[in-house]
Amino acid sequence: MAEGNRFNHTMKFNVKAEEEANEARLVLKEVYEALKEKGYNPINQLVGYLLSGDPAFITSYKNARSTIRKLERDELLEEMVRVYLISELEKER
Amino acid sequence: MEYLLLKGKQQINGTIKVNGAKNAAVAILPAALLTRETVEVDNLPKITDIDKIIQILKSLGAVVTCTGKRSISIDSSGVNSFCPPPSIVNKFRASYYFMGSLLGRFGQVEIPMPGGCNLGPRPIDQHVKGFTALGAEVELKHGIVKIKAKKLIGTHIYLDVVSVGATINIMLAAARAEGKTVIENAAREPEIVDVANFLNAMGAQVVGTGTDVIKIQGVQELGRAEHSVIPDRIEAGTFMIAAAATRGEALVADVIPKHLDSVIAKLREVGNEVEVGPDWVRVKGNSRLSPADVKTFPYPGFPTDLQAPMIVLLTQADGTSFVTENVFEERFNHLCELRKMGAKIKLGGRTAIIEGGHELSGAPVKALDLRGGAAFIIAGLISKGETRLEGVEHIDRGYEKIEERFKLLGVNIERRQQ
């Protein structure tokens, strides 16, 4: 099918999934920066939170503790695994 | 002698910000001895247990400086003693965290058996088990615990009983041990997470807190750190239960609602409205309360520290409630005094059977322990007449100026000197 013809058809865009991915990225970025600024190891603290679900792992600095609760843990984890796998698979290609 | 005087039939109404967690702070400050560098700790509650810990730190040679309204810095470079003074240690239970921190710092510690509230037998056998497994020799003579290790070496430790104190003490000692320590059947309380946050901020390698397996990779030195203590879920729960019991309304702010899941669930179960925000909880008391079956358990179960306030609430329910204490088997000292106020409560083994629907009457009562004391304030608020509460020194150990806090919630309560 020619490129022009393809865009003449109705297409389905997964806007919700893309929005969630963007939000997860934003949440992780904000929390990462707050943890780092306060002298914590952001990776250890985030792993602790994802494993246990306890928001005590996340500093209250810059409202990071409330920010992390905007999304469920599985949503954050899904985005992290997705990004990791995509980047690793890209490397192998 | 000080006592609290409060009138009955008062409703809680207002907003209150929760202070830093006592049970985290009392372990974080001794942990500062594990480094020779200066650490700064913020969001400390102004309670007498913290005052005593600061006294012990100073007596050991630490320089403690007040850096803000609720923050201090601790410079432990000059600490040269591993023998905390018995006169202070005897007064409160959390002094046992100096066992783990001094053992980690000096490889030895001499400390009297800790004091604290009388909640029945609270042995330190799991602490001793942990220290011994790490290679220390533990001896108890003339009431003094002597712990000494040529070298602390990481190992696997299975706790026979889920113990917050033992979990933290082992973490403190293992932070600078050689190799890796694994604690299995560890306690999962948020205060343990907060202590690990502080240790990790100093450069320790502790992972798995908040789960029942904690791994600590020992490091040679720890460094400087800044840390802010998490909010006190027990103080928050006390005000939430008070709002429900008085059929009032309270917005309890600066909390981690996740830490209050079990309390929120029980308050809803008996008929109250509970709204949860990102860092606040609003409780609106219902005029008709249903009876409930409450069982205390280690986190994330219903906290034993809120058992006494919950019993007071259930005296107002329409029917018979059951409260089973599974953490400290003899933690029912408050029942005698509550009966003086007209509560109909029977005790069968570890279960209090509460016949609800009877009006309480104000009476002279005496707090025998910290959380029981807070429960008497709630009982006084819902009673008819005046309540005079002695034994305030127990309450001051864990609640900061409790009468001022309740005044913020619209309550008429006074501290008086006899």
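The values are calculated or read from the model by the stated rules, or taken from the named source; none is laboratory data. Remember, it's a predicted structure, so these values are computed and weren't measured experimentally. Virtual Cβ from ideal backbone geometry, glycine too; neighbours counted across all protein chains shown. Ligands, DNA and RNA are excluded from the accessible area calculation, which covers all protein heavy atoms including side chains. Shrake-Rupley method; radii C 1.70, N 1.55, O 1.52, S 1.80 Å.
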Elements of type strands (runs of 3 or more DSSP E) in region B:13-76, at least 1 residues being closer than 30 Å to B:K284 by Cβ, in contact with a Phe, Trp or Tyr (Cβ under 8 Å, 6 or more places away or on another chain) and modelled with pLDDT of 95 or more: B:13-17
Which of the residues belonging to region B:314-363 are surrounded by fewer than 17 Cβ atoms within 10 Å (Cβ to Cβ), of a type outside the set (V, I, T), within 22 Å of B:G301 (Cα to Cα) and over 25 Å from the mean Cα position of the chain (by Cα)? B:G348
Residue that is nearest to the chain's Cα centre (by Cα) [pool: residues in region B:2-50 that are acidic (D, E) and open to solvent by 10 Å² or more (accessible area, probe 1.4 Å)]: B:D42
Yes or no: B:N200 under 17 Å from B:G100 (Cβ atoms) and open to solvent by 10 Å² or more (accessible area, probe 1.4 Å)? yes
Being within 18 Å of B:T246 (Cβ to Cβ), touching a helix residue (DSSP H, G or I) at 6+ places or on another chain (Cβ under 9 Å) and free of Cβ contacts under 8 Å to residues at least 60 places away in the same chain is the filter; apply it to region B:288-300 and report the residue that is least open to solvent (accessible area, probe 1.4 Å). B:A292
Please specify each residue of region B:202-224 satisfying the condition of being within 9 Å of chain A (Cβ to nearest Cβ) and closer than 18 Å to B:T167 by Cα. B:Q205, B:V206, B:V207, B:G208, B:T209, B:G210, B:T211
Subset of region B:263-287 [free of Cβ contacts under 8 Å to residues at least 40 places away in the same chain and touching a Gly at 6+ places or on another chain (Cβ under 6 Å)]: B:N272
Within region A:66-77, restricting attention to residues that are more than 7 Å from every other protein chain (Cβ to nearest Cβ) and open to solvent by less than 40 Å² (accessible area, probe 1.4 Å), which residue is nearest to B:G203 (Cα to Cα)? A:I68
Looking at region B:369-404, which of its residues are among the basic types (K, R), open to solvent by 30 Å² or more (accessible area, probe 1.4 Å) and under 21 Å from the mean Cα position of the chain (by Cα)? B:K401
Would you check if B:R105 is over 22 Å from B:H127 (Cα atoms), more than 17 Å from the chain's Cα centre (by Cα) and not hydrophobic (A, V, I, L, M, F, W, C)? no
Which residues, counting only those in region B:7-16, are in contact with a Ser or Thr (Cβ under 7 Å, 6 or more places away or on another chain) and within 15 Å of B:T238 (Cβ to Cβ)? B:I12
Taking region B:62-80 and keeping residues surrounded by 14 or more Cβ atoms within 10 Å (Cβ to Cβ) and of a type outside the set (K, R) leaves B:A62, B:V63, B:V64, B:S71, B:I72, B:S73, B:I74, B:D75, B:S76, B:V79
Is it true that some residue in region A:13-23 is under 21 Å from B:E189 (Cβ atoms) and either modelled with pLDDT under 95 or open to solvent by 100 Å² or more (accessible area, probe 1.4 Å) (or both)? no
Among the residues of region A:47-65 satisfying the criterion of being open to solvent by 20 Å² or more (accessible area, probe 1.4 Å) and out of contact with any strand residue (DSSP E or B) (no Cβ under 9 Å at 6 or more places or on another chain), which is nearest to the other protein chains (Cβ to nearest Cβ)? A:S52
Among the residues of region B:139-160, count how many are among the aliphatic types (A, V, I, L, M) and at pLDDT 95 or above. 6
Tell me the residue from B:A236, B:A250, B:A242, B:A265 that is open to solvent by less than 10 Å² (accessible area, probe 1.4 Å), assigned by TED's automatic domain parsing to the domain that holds B:L408 and either more than 20 Å from B:N23 (Cβ to Cβ) or modelled with pLDDT under 95 (or both), please. B:A250
I'd like to know if region A:56-67 contains one or more residues that are in a helix (DSSP H, G or I) and of a type in the set (D, E, K, R). yes
Filtered residue count, region B:123-137, keeping only those that are open to solvent by 50 Å² or more (accessible area, probe 1.4 Å) and either of a type in the set (K, R) or modelled with pLDDT of 95 or more (or both): 3
